[in-house]
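Since the structure comes first, as structure tokens, the remarks are kept for the end.
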Amino acid sequence: MALPNEGAETALVDFRSPAHSALVSTRSYLRRTLVFMLIGLLLYGLVYWSAEQLSYRYAKRNRFHAVMTAPHAQYDHVILGASHAAAFDYEDMNAQLEGMTNKKILNLSNVGAGIIVNRVMLEYFLTAHRTKTVIYVIDSFAFYAREWNENRFQDVRLFARAPFDSSLVPILLRNSVGLPVVLDYVTGFSKINNPDRFKPDISEDEALKFNKTYRPVSQIDTQRIGFLYPKQTDPQALAHYLSEFESLVLDLKKRDIRLIVIKPPIPARVYAMLRNEEQFDKALKIIVERFQIDFHDLSLVANEEKYFFNTDHLNRNGVLNFFEVSLKEILAQ
Amino acid sequence: MLFNSFGFLLFFAAIVFVYYLTSHRYRWLVLLAASFYYYSTFNVQYVFILLASTVIIYLVGVAIGAAQEHVKKKAFLIGGVLLSLLPLVVFKYLDFVTESLSFALGHEEPMISPLNLALPVGLSFYTFSCVSYLVDVYRGNLVPEYHFGRLALYVSFFPKLLAGPIERATAFLPELRQTVRFNPVAVTQGLQLILWGLFKKVVIADRLGVYVDAAYKNPEFAAPVALLIATYFFAFQIYCDFSGYTDIAIGSACILGINLMGNFRRPYLSTSVPEFWGKDRWHISLSGWFRDYLYIPMGGSHSSKSKVYRNQMAVFLVSGLWHGANWTFVIWGALNGLYQIVTLLTVNVRNKLHKIFPMPTPVGSILGCLLTFHLILISWIFFRAASVTDALTVLARLVESIPQFPSLLVVYPYTGDLILCGVLIAFLLVAEFSDEKRSLWARLESGPIYVRWSVYYVLLLSLIVMGKWNLKQFVYMQF
């Protein structure tokens, strides 16, 4: 858009003209700027409020929203983990599990969530709620990269439907998620800017694939592993994130909350492709034994191909079968 | 640090604050430090190339100024220009030339293994600034700049560094010598431009870009309607992207009290291709550069007709190559050159036709506008496609689908976002059309404050609510 005195090579404005300076004094300009900004803040507040209302209306699977609106103060089990655990909450799965075990269960797992994300979720949950047990559905890929931990918070979708809660701010700051992420949450920018604000809060996996059975394609399997794991697994990164896991274990012990660690079912062909799984298992075993944690390696249990809707995620039948065969008994203990 | 990031907004606010607190004598230092820091955020190593280019033109400029004999001046100029162009040749064209030559000679693999060097951002832009400085000193249009800091700032001034406008030293260097006082009018105008530039980039261009990228990724598999929509969208995406960048650049400089030249003037309202390119409509600073440093030295329009056509085509081919070392850009340039030549060749025929079938001026203008837009649109297909094969696929699929388009367009699943894209394009065109008659900002300035502020708030809230803040790079930064 052209300026008043436009032209390719003509001056936009004569900055040095005393006439201009006389026209608008700096002081009155600053005063007007202040008024402009105050009105702007007011308008931002209105938009913020609208976005907050929309997040309450449409949020369904957002875990911050789940904590904020959790119906009970005391739970029997809280489930943590990444997408393998998220499938336990698709459709009516959580209600089915609650029915089978007669326990109050809240699933706080997030897609691609490593230990740092899960610790934040748990800390946030424990600010206003209690649980007897934490079920940590553990995945080795989440222990190798910042991408699934500190950097995972940069995914604006995580906060796009998170209602504001001041108690979450110090938790985010404590867990080094980065100041931009905290500012984003406080200002509600991701919520206001959410292009899916009127769409249901359900992933494509849950909405379209959960009831289907996957036909394996080796190229897709390879791509999936390449997506989850770094090309070279870094032992230092593993040690770092396992130490974070240890601090979570210690914290739970202090709070007298029981921890159960589960490795979820994965098709045998995908399990064989996991990078450095033996190294991970060894390192995990040391922690499990040191802290006497209930550990169940169910990687190759109830893992027939028919139970998966994609390379490595259980479908509806797979989840129900897994509940029946394994999880129900573990949760009942 | 892209213009469309919060990081840049914070960086710029800090620079403005420090700049106005510093005395005039040292302001060049503030801007130079800011410019080098800004450039280093992309890649620290690139700073050395920028610095080397500056040192070269500084020394050569001084040498040209000191030389008494014309031959010596010319020798310095040729040497300086070749040295200035060297990084561009190495980083941008070497692989392309060796690959093209190898294939032309019948080799399946390049004779020399490609260097695969990453192109330093903004290299094509600041190289042209360097060359124009040397030519202007040689021609005597400019006294060599003996203050190295000022010359370095001319080359590296951060608002224009990555994608222009390609400033002339004759206009820019005197700006740096002027004492600038904080001027609310200039600051407001600068902020208006930044706001409008961000709106064009973040709300329009990046929204349209999603559809363009999806269709042009695999054109052989994209639905014909998706390709058609993407092709139209690209025309507006590239305009909003590049003019958005330019507006932010000019606005930022304006706040710092430095005038940069305009680069766009409602290009899609051109009624002919020569108007689009030649009459200060599209990428004005580049067109002007080619006019002054290539077209006119080649003889310009003051030669025989055949030479004029040759000069026109040569300029457009070089312009195509300037954009990228790829045959798609060469064809894009050739197409635009061809449009120019055909327009010149058909002047008499068109005049005769106009006499036989007279039509009212507005109708003629609208028809001219539509024809020009669609000719440019065809050339954009080559500009956007990843390869010549892809571009030809897009063209072939569009042409063969023409009979089916009426029915395909009816049944196409239009989403809310797609409709929003259409609304935004319509809004842009209305704004441009109104702006053509009288500047919209001037209208706003003369209107009541509540109208002016309402417009600001609507644009700001659009940025916040609808903006695509996924830090998509500006298209022209790749050149």
For the stretch B:114-143, name all the residues that are of a type in the set (A, V, I, L, M) and buried (at least 24 other Cβ atoms within 10 Å of the Cβ). B:LEU134, B:VAL137
Do we find a residue being β-branched (Val, Ile, Thr), open to solvent by 80 Å² or more (accessible area, probe 1.4 Å), farther than 22 Å from A:ASP196 by Cβ and more than 13 Å from every other protein chain (Cβ to nearest Cβ) anywhere in the stretch B:449-458? no
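For (1) within 7 Å of chain B (Cβ to nearest Cβ); (2) modelled with pLDDT of 90 or more; (3) open to solvent by 70 Å² or more (accessible area, probe 1.4 Å), each residue gets a yes or a no:
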site	(1), (2), (3)
A:ALA2	yes, no, no
A:SER25	no, no, no
A:SER28	no, no, no
A:ALA51	no, yes, no
A:LEU54	no, yes, no
A:ALA59	no, no, no
A:ASN62	no, yes, no
I'd like to check something: does the stretch A:198-208 contain any residue that is part of a helix (DSSP H, G or I) and farther than 24 Å from B:THR415 by Cα? no
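Let's see how each residue does on (1) on the phi > 0 side of the Ramachandran plot; (2) surrounded by 18 or more Cβ atoms within 10 Å (Cβ to Cβ); (3) at pLDDT 95 or above:
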site: A:GLU206; (1), (2), (3): no, yes, no
site: A:THR213; (1), (2), (3): no, no, no
site: A:GLN232; (1), (2), (3): no, no, no
site: A:ASP251; (1), (2), (3): no, no, no
site: A:VAL261; (1), (2), (3): no, yes, yes
site: A:LEU284; (1), (2), (3): no, yes, no
Requiring at least 3 residues that are open to solvent by 30 Å² or more (accessible area, probe 1.4 Å), the helices (runs of 4 or more DSSP H) wholly within the stretch A:85-191 are A:93-101, A:168-174, A:179-187
Total residues in the stretch B:256-269, condition more than 10 Å from chain A (Cβ to nearest Cβ) and within 19 Å of B:PHE158 (Cβ to Cβ): 0
List the helices (runs of 4 or more DSSP H) that sit entirely inside the stretch B:341-411 and contain at least 1 residues that are on the phi < 0 side of the Ramachandran plot and more than 33 Å from the chain's Cα centre (by Cα). B:347-356, B:405-411
Is it the case, given these coordinates, that B:PRO184 is open to solvent by 10 Å² or more (accessible area, probe 1.4 Å) and free of Cβ contacts under 8 Å to residues at least 12 places away in the same chain? no
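This table checks each residue for (1) open to solvent by 40 Å² or more (accessible area, probe 1.4 Å); (2) within 13 Å of chain A (Cβ to nearest Cβ); (3) out of contact with any His (no Cβ under 6 Å at 6 or more places or on another chain).
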position	(1), (2), (3)
B:TYR414	yes, no, yes
B:VAL423	yes, no, yes
B:ILE464	no, yes, yes
B:ASN470	yes, yes, yes
Can you work out which of the residues in the stretch A:30-49 that are of a type outside the set (A, V, I, L, M) and surrounded by fewer than 14 Cβ atoms within 10 Å (Cβ to Cβ) is nearest to B:VAL458 (Cα to Cα)? A:GLY45
Would the stretch A:85-94 turn up any residue that is touching a residue at least 24 places away in the same chain (Cβ under 8 Å), over 23 Å from A:SER203 (Cα atoms) and not hydrophobic (A, V, I, L, M, F, W, C)? no
Look at A:THR127 and say whether it is more than 26 Å from A:LEU320 (Cα to Cα) and touching a residue at least 40 places away in the same chain (Cβ under 8 Å). yes
Reported set for the stretch B:207-222 where residues are open to solvent by less than 10 Å² (accessible area, probe 1.4 Å) and more than 22 Å from the chain's Cα centre (by Cα) is B:ALA215, B:PRO219
Restricting attention to the stretch B:161-178, which residues are more than 7 Å from chain A (Cβ to nearest Cβ) and closer than 21 Å to B:PHE17 by Cβ? B:LEU161, B:GLU175, B:LEU176
Restricting attention to the stretch B:425-444, the residues that are in a helix (DSSP H, G or I), open to solvent by less than 60 Å² (accessible area, probe 1.4 Å) and facing chain A (nearest Cβ under 10 Å) number exactly 9
Inspect the stretch B:448-459 for any residue being within 27 Å of the chain's Cα centre (by Cα), closer than 29 Å to B:GLY122 by Cβ, not basic (Lys, Arg) and not in a loop (DSSP other than H, G, I, E, B) and give the result as yes or no. yes
Scan B:ILE194, B:ILE204 and give me the residue that is within 14 Å of another protein chain (Cβ to nearest Cβ), surrounded by fewer than 24 Cβ atoms within 10 Å (Cβ to Cβ) and within 20 Å of the chain's Cα centre (by Cα). B:ILE194
Checking A:THR222 against (1) touching a residue at least 12 places away in the same chain (Cβ under 8 Å); (2) in a loop (DSSP other than H, G, I, E, B); (3) over 22 Å from A:PHE125 (Cβ atoms): exactly one of these is not met. Which one? (2)
Residue selected from the stretch B:282-302 under the condition open to solvent by less than 40 Å² (accessible area, probe 1.4 Å) and modelled with pLDDT under 90, by the criterion farthest from the other protein chains (Cβ to nearest Cβ): B:GLY299
Number of the condition not met by A:SER243 [criteria: (1) touching a residue at least 40 places away in the same chain (Cβ under 8 Å); (2) among the hydroxyl-bearing types (Ser, Thr, Tyr); (3) in a helix (DSSP H, G or I)]: (1)
Is at least one residue of the stretch B:147-167 open to solvent by 20 Å² or more (accessible area, probe 1.4 Å) and of a type in the set (S, T, N, Q)? no
Take residues that are aromatic (Phe, Trp, Tyr) and tell me which of the helices (runs of 4 or more DSSP H) falling wholly in the stretch A:248-333 contain 2 or more. A:277-291
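Rundown of residues vs (1) over 30 Å from B:GLY7 (Cα atoms); (2) of a type in the set (Gly, Ala, Ser); (3) in contact with a helix residue (DSSP H, G or I) (Cβ under 9 Å, 6 or more places away or on another chain), yes/no style:
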site	(1), (2), (3)
B:ASP417	no, no, yes
B:TYR450	yes, no, no
B:LEU459	no, no, yes
B:ILE464	no, no, yes
B:GLY467	no, yes, yes
For the stretch B:223-277, the count of residues that are open to solvent by 20 Å² or more (accessible area, probe 1.4 Å) and of a type in the set (Lys, Arg) equals 1
Which ones in the stretch B:186-229 are closer than 11 Å to B:VAL394 by Cα and hydroxyl-bearing (Ser, Thr, Tyr)? B:TYR216
Would you check if A:LYS199 is within 14 Å of another protein chain (Cβ to nearest Cβ), more than 19 Å from A:PRO264 (Cβ to Cβ) and not acidic (Asp, Glu)? yes
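The values are calculated or read from the model by the stated rules, or taken from the named source; none is laboratory data. These numbers come from a predicted model, not from an experiment. Here the Cβ is made from the backbone with ideal geometry for all residues, glycine too, and neighbour counts use every protein chain on show. For accessibility, only protein heavy atoms count, side chains too; no ligands or nucleic acids. Shrake-Rupley method; radii C 1.70, N 1.55, O 1.52, S 1.80 Å.
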